[in-house]
Structures are given as C-alpha cells and as structure tokens.
1. For the stretch 129-156, what are the residues that are crowded, with 18+ Cβ neighbours inside 10 Å and small (Gly, Ala, Ser)?
2. Would you be able to say whether some residue in the stretch 112-128 is surrounded by 12 or more Cβ atoms within 10 Å (Cβ to Cβ), in a helix (DSSP H, G or I), outside the structural domain of GLY32 (by TED's automatic domain parsing) and among the hydrophobic types (A, V, I, L, M, F, W, C)?
3. Taking the condition of being outside any strand (DSSP E or B) and over 22 Å from ILE158 (Cα atoms), how many residues in the stretch 84-109 meet it?
4. Whether any residue in the stretch 41-59 is in contact with a Gly (Cβ under 6 Å, 6 or more places away or on another chain) and over 21 Å from ALA77 (Cα atoms) is what I want to check.
5. Scanning for something surrounded by 12 or more Cβ atoms within 10 Å (Cβ to Cβ), among the β-branched types (Val, Ile, Thr), outside the structural domain of VAL19 (by TED's automatic domain parsing) and without any contact (Cβ under 8 Å) to a residue 24 or more places away in the chain, does the stretch 157-179 turn up at least one residue?
6. All but one of (1) touching a strand residue (DSSP E or B) at 6+ places or on another chain (Cβ under 6 Å); (2) surrounded by fewer than 18 Cβ atoms within 10 Å (Cβ to Cβ); (3) modelled with pLDDT of 75 or more hold for THR62; state the number of the condition that does not hold.
7. Taking the condition of being within 18 Å of ARG136 (Cα to Cα), out of contact with any helix residue (DSSP H, G or I) (no Cβ under 9 Å at 6 or more places or on another chain) and surrounded by fewer than 18 Cβ atoms within 10 Å (Cβ to Cβ), how many residues in the stretch 94-104 meet it?
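The values are calculated or read from the model by the stated rules, or taken from the named source; none is laboratory data. A quick note: this is a predicted structure, and the numbers were derived from the prediction, not measured. Positions of Cβ are backbone-derived with ideal geometry, glycine not excepted, and every protein chain shown enters the neighbour counts.
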Amino acid sequence: MIGLTKRQQEIVEFIEDFVATHRFSPSFREIGDHFGFSSLGSVYNHIRSLKKKGALVSEKRTPRSLLPERYQEQSRAAPLIGTISGSRPIETLEKVEMIPLPPEFISEDGESYLLKVGGDELIEEGMLDGDLLIVRPHVDFEPGEMVIALIEGGTALIKRIFPEPPFYRFESVKTEVQPFRLREDHVEIQGIVTALLRHYSS
C-alpha cells in the first residue's frame with residue numbers, strides 16, 4: 001500500500017496472516033511479541049498511524065477487532081457470551097465481547113454466538129482449553145450433529161445427538177466412550193456447534 005513504511009507494511013501483512021490462520025485478530029501484545037517491540041506503546045503508535053492512513057480498521061471498545069481495511073466489508077462479528085466446561089452450567093460473561101469472523105462462519109440470520117472452552121473436560125470431544133465454539137442457536141438439528149444441550153441442574157453437554165423418541169441418544173466423537181440416552185423432556189437443546197476456532201501459540 002502506498003504511503004506505508006516497510007515496518008508498517010510488515011505489520012499489516014502479519015495481521016492479515018494472523019486473521020487467515022486464527023480467524024480473529026491479534027492482540028497488541030501478540031503484535032509486539034512478534035516484532036520484538038519493547039512496549040505496548042510502540043504497538044499503539046504504529047496501529048494509530050496505520051488507522052490514520054486507512055490501512056487498518058477496528059470497532060471501538062471491541063477487543064480483537066483489528067483488521068486490514070480490505071477485510072472491513074468481508075467480516076462480521078459474533079458475541080462471545082460465556083464459558084463452557086462440559087460438567088457445569090454455562091458461565092455467562094459479565095461483559096459480552098464481539099469477535100470479528102469471516103461471514104461464512106456466521107449463520108444467515110446473524111444469530112450465531114461463541115462460547116469459550118474452559119478446562120480440559122472436553123478433550124474427549126476434541127476440544128481444548130481456550131478453544132472458541134461457534135454456535136447456531138436453533139433446536140432443529142440433523143441426527144449426528146454436535147449440539148449443546150442442557151440437562152438436569154443446568155449442566156451443559158456437548159455431544160453428537162440422535163433422536164430415539166421418547167429419548168435422545170448422545171455419543172462422543174471418540175468411539176470408546178459409551179453413548180447414553182436421556183428422555184427428550186429432560187433435555188433442552190441450546191444450539192448446534194458449527195465450527196471450532198483454535199489459537200496456536202508461536
């Protein structure tokens with residue numbers, strides 16, 4: 001882009017690569033660590049300059065919303081509303097955080113939301129601590145889809161679901177884990193897990 005210094009162009013390219021890999025934007029600290037800046041103030045000054053030049057855009061008071069200008073019309077944001085562990089009720093966040101995502105990750109009605117995996121209890125479902133789950137909040141599902149379901153006491157399950165009226169059969173992605181059944185009237189389907197986002201540390 002015309003008017004950018006070599007370092008500024010490198011920062012824009014780093015953010016582009018980060019978004020392409022992780023599906024969300026890097027934090028100021030991650031940018032600083034990558035380039036070896038001595039302080040977050042140095043990162044802030046570079047980002048402010050790039051915004052003034054129109055190379056970067058972001059949403060006010062929204063973490064991880066920093067995107068190259070050409071991504072602006074291509075991206076949409078979904079709310080991160082809570083944490084899920086697999087053995088406890090969903091812990092809702094006091095402050096909802098909007099996470100920018102490519103439009104193909106969000107349902108057409110725009111109602112998709114995110115939950116963050118907390119702890120290691122969902123490893124058997126291939127989910128690790130810190131993963132972000134994109135959830136479509138509908139009760140209509142196809143047999144074998146991964147759903148989030150609330151059972152007695154508000155405990156949240158993440159399993160593949162198969163209707164067997166008057167029961168639901170729940171299965172893990174790991175075949176060695178025994179499936180189980182629950183009565184339909186004892187289960188509240190919260191939504192379908194449509195994608196998983198994982199951040200790999202460098």
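1. Once the filter is applied, which keeps residues that are crowded, with 18+ Cβ neighbours inside 10 Å and small (Gly, Ala, Ser), the stretch 129-156 yields ALA149, ALA156.
2. Yes, because at least one residue in the stretch 112-128 is surrounded by 12 or more Cβ atoms within 10 Å (Cβ to Cβ), in a helix (DSSP H, G or I), outside the structural domain of GLY32 (by TED's automatic domain parsing) and among the hydrophobic types (A, V, I, L, M, F, W, C).
3. Going through the stretch 84-109 one residue at a time, the tally reaches 5.
4. So far as the stretch 41-59 goes, yes, one or more of its residues are in contact with a Gly (Cβ under 6 Å, 6 or more places away or on another chain) and over 21 Å from ALA77 (Cα atoms).
5. no
6. Of everything listed in (1) touching a strand residue (DSSP E or B) at 6+ places or on another chain (Cβ under 6 Å); (2) surrounded by fewer than 18 Cβ atoms within 10 Å (Cβ to Cβ); (3) modelled with pLDDT of 75 or more, THR62 misses just condition (3).
7. Number of matching residues: 5.
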